[in-house]
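The values are calculated or read from the model by the stated rules, or taken from the named source; none is laboratory data. These numbers come from a predicted model, not from an experiment. As a convention, Cβ positions derive from the backbone with ideal geometry for all residues, glycine included, and neighbour counts pool all protein chains shown. Just so you know, the surface numbers come from the protein's heavy atoms only, side chains and all, with ligands and any DNA or RNA stripped out. Shrake-Rupley method; radii C 1.70, N 1.55, O 1.52, S 1.80 Å.
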Amino acid sequence: MELKDILNRYQESANNRFLAKAIVDTSTSRIHLQGLVGSADAMIACALYQTQPHPALFILGDREEAAYFQNNIENILGEQKVLFFPSSYKKSFQLETTDSNLVLERAEVLTRISKSQDHFMVVTYPDAIHERVVTKHTLERNTMEARVGEKLSVDFIMEFLQENHFERSDFVYDPGQYAVRGGIVDIYSFAHEMPYRIEFNNDVIESIRAFDPSSQLSEKDMQFVTIIPNVQTGMMKEEHESFFDFIPKNTVIWAKDLAYTFDFIRLSLKKIEEKYGNEIINETDGSVQRVSDLFDGIETVIFKLEQHIVVEFGSKTYFKAGEKLQYNMQPPPHFNKNFNLLLHHLYKNQKSNYTNFIFSDSAKQVERIYSIFEDIAKPEEHAGVE
């Protein structure tokens, strides 16, 4: 028995079949999931995504909860299946400076969404979703693509980088930097977590490699890369839009405690107004930015969400449900290392025609559990434990 086998059971459930139909049926655009415990929310979302791939945006209560949810999905489907969309700022309500690594993560998500309209999974939280983003047109206009074997001069790339406010340095170690050494151009694009090393033979790209900025050593060969500038501060003079306008209209919104999300956004905007008024001076480049250009108001966020299918889970819902799906789940009792109590509980489940599953990352742990059970119980009393 593996995790994928449990996922298959969720996929075969009546609730999953209903959800698969609902995401293409606008008459059931408000769905409440009730009775979930533990990581069942992530399992249900993954089962549906596997059954019927679709654009999916998950809104959790805060950054920590969102990161935990993303980790659950990665453990179920793999790291390449889900993206994390953060706020540009390290701390809520402190907007003088942006964090280049967080800006890079946002840019990577926007790039992936623009290229993967049919299906994607993005996890985020309130700070991030009401922060505005560049339009798709602006992103495409300020994006350069490079491919091995393509004819492209070093001078042309340098001109693009300078126009888009990349900083020239001897070595690249932060997003937004580039370095030129003869026929080699190092670029730390905001579209990738690692910088690129592009090697030219005359005006033809001979090789592209991603490399570690700390050691400057190559990590992997690449055939194709995307180069984009800082989409938050580097393009502030460009037109911006709501993040909900950037994602496809058929994106399914999964939200935990959506009422809390709206309360947080209201509080955030109130504190920003009290601290900064209508304008914010960015300490990174000295630019002056209007708050209304940086963030969506709460009315806008609610209106944009209303245009999507919304699946709410958690204890505090906001929209009136078109459909309610009940999951009869209960959290496991606390055993506190009392294996006699654990075995009694599993045996009781077996008598009630439940199937018990025990999962572990380590085969040795499983062997140890069986050894303990054999020491304290008759074989027939734990025969139903898998």
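Report the Cα centroid-to-centroid distance between region 189-267 and region 116-168 in angstrom, as an integer.
6 Å
How large is ³J(HN,Hα) for each residue in region 326-343, as worked out from phi by the Karplus curve 6.51 cos²θ - 1.76 cosθ + 1.60 (θ = phi - 60°), to whole Hz, x for Gly and Pro?
Values per residue, Gly and Pro as x: 9, 10, 8, 10, 9, x, x, x, 8, 9, 6, 6, 8, 6, 5, 5, 4, 5 Hz.
Mean separation of Cα pairs under 8 Å and 6+ residues apart, divided by the residue count of the chain: what relative contact order is that in percent?
Relative contact order of the chain: 22 percent.
Output the peptides 223-230, 103-110 sorted from most to least packed, where packing is the average of other Cβ atoms within 10 Å over each peptide's residues.
Order by mean packing, descending: 103-110, 223-230.
Just to confirm the filter: which GluC sites (Glu not before Pro) across region 291-325 are DSSP coil and have at most 13 other Cβ within 10 angstrom of their Cβ? Intermediate values should be presented prior to the final figure.
On the way: sites: 299, 306, 312, 323; in loops: 306.
The qualifying sites are 306.
I need the shape label for region 1-43. Rule: rounded when a/c is under 1.5, else prolate if a/b > b/c, else oblate, with a, b, c from the alpha carbon gyration tensor.
oblate
With springs connecting C-alpha atoms under 10 Å apart, model the chain as a Gaussian network and identify which of 342, 57, 95 has the largest mean-square fluctuation.
342
To the nearest 10 degrees, how steep is helix 363-376 against the longest Cα principal axis of the chain, on a 0 to 90 scale?
20 degrees
Report the Cα centroid-to-centroid distance between region 309-335 and region 20-97 in angstrom, as an integer.
Going from one Cα centre to the other spans 14 Å.
What residues have an amide H closer than 5 Å to that of residue 84, excluding those fewer than 5 places away on the same chain, when H is modeled at 1.01 Å from N in the peptide plane?
123
Ranked highest first by average number of other Cβ atoms within 10 Å, how do 72-78, 347-353 line up?
Numbers: 72-78: 17.7, 347-353: 12.1.
Result, highest mean first: 72-78, 347-353.
For the chain, set up a Gaussian network in which alpha carbons nearer than 10 Å are linked by springs, and say which option among 127, 155, 361 fluctuates the most.
Ranking 127, 155, 361 by mean-square fluctuation puts 361 first.
May I ask you to list the trypsin sites (Lys or Arg not before Pro) in region 192-270 that are in a DSSP loop and have at most 16 other Cβ atoms within 10 Å of their Cβ?
For trypsin sites (Lys or Arg not before Pro) across region 192-270 that sit outside H, G, I, E and B with at most 16 neighbouring Cβ atoms in 10 Å, the list reads 237, 249.
Note the full-extension length gain between residue 348 and residue 210 as 0.36 nm times their separation in residues minus their Cα-Cα distance, in nm to one decimal. Kindly include the intermediate steps, with their values, before the conclusion.
Details: separation 138, 0.36 × 138 = 49.68 nm, distance 5.49 nm.
Using 0.36 nm per residue and subtracting the Cα-Cα distance, I get 44.2 nm.
What are the ³J(HN,Hα) values, in whole Hz, obtained from phi via the Karplus relation 6.51 cos²θ - 1.76 cosθ + 1.60 with θ = phi - 60°, for each residue of region 301-312 in sequence order, with x given for Gly and Pro?
Working through the residues one at a time gives 4, 5, 4, 5, 5, 5, 7, 10, 5, 10, 10, 9 Hz.
Keeping the other protein chains in place, figure out the carbon and sulfur percent of the accessible area of region 17-66, with a 1.4 Å probe. Present the calculation step by step, with values, prior to reporting the outcome.
Details: 940 of 1920 Å².
It is 49 percent, rounded to a whole number.
Return the long-range amide H neighbours of residue 90 (sequence gap of 5 or more, or a different chain), with a cut-off of under 5 Å between placed amide H atoms.
The answer is 99.
By accessible area of protein heavy atoms, probe 1.4 Å, what ranking do 4, 151 get, highest first?
So the residues, ranked largest to smallest area, are 151, 4.
For Rg/Rh (Cα atoms, Kirkwood Rh), pick the label among [x] 1.05; [y] 1.02; [z] 0.97 that corresponds to the value derived from the coordinates.
[x]
Please determine, in degrees from 0 to 90 and to the nearest 10, the orientation of helix 40-51 with respect to the longest principal axis defined by the Cα atoms of the chain, where the helix direction is its Cα long axis.
Between the helix axis and the principal axis of the chain, the angle is about 70 degrees.
How big is the charge dipole of the chain about its Cα centre, in debye rounded to the nearest 20, if each Lys and Arg gets +1 on its Cβ and each Asp and Glu gets -1 on its Cβ?
1380 debye
Sort region 50-138 into rounded, prolate or oblate with this rule: let a ≥ b ≥ c be the square roots of the eigenvalues of the Cα gyration tensor; rounded if a/c is under 1.5, and if a/c is not under 1.5, prolate when a/b is larger than b/c, oblate otherwise.
Working: a/c = 2.14, a/b = 1.33, b/c = 1.61.
Note, shape of region 50-138 comes out oblate.
Give me the 1.4 Å probe accessible area per residue for region 4-104, excluding ligands and nucleic acids, in Å².
With the other protein chains kept in place, region 4-104 gives 45 Å² per residue.
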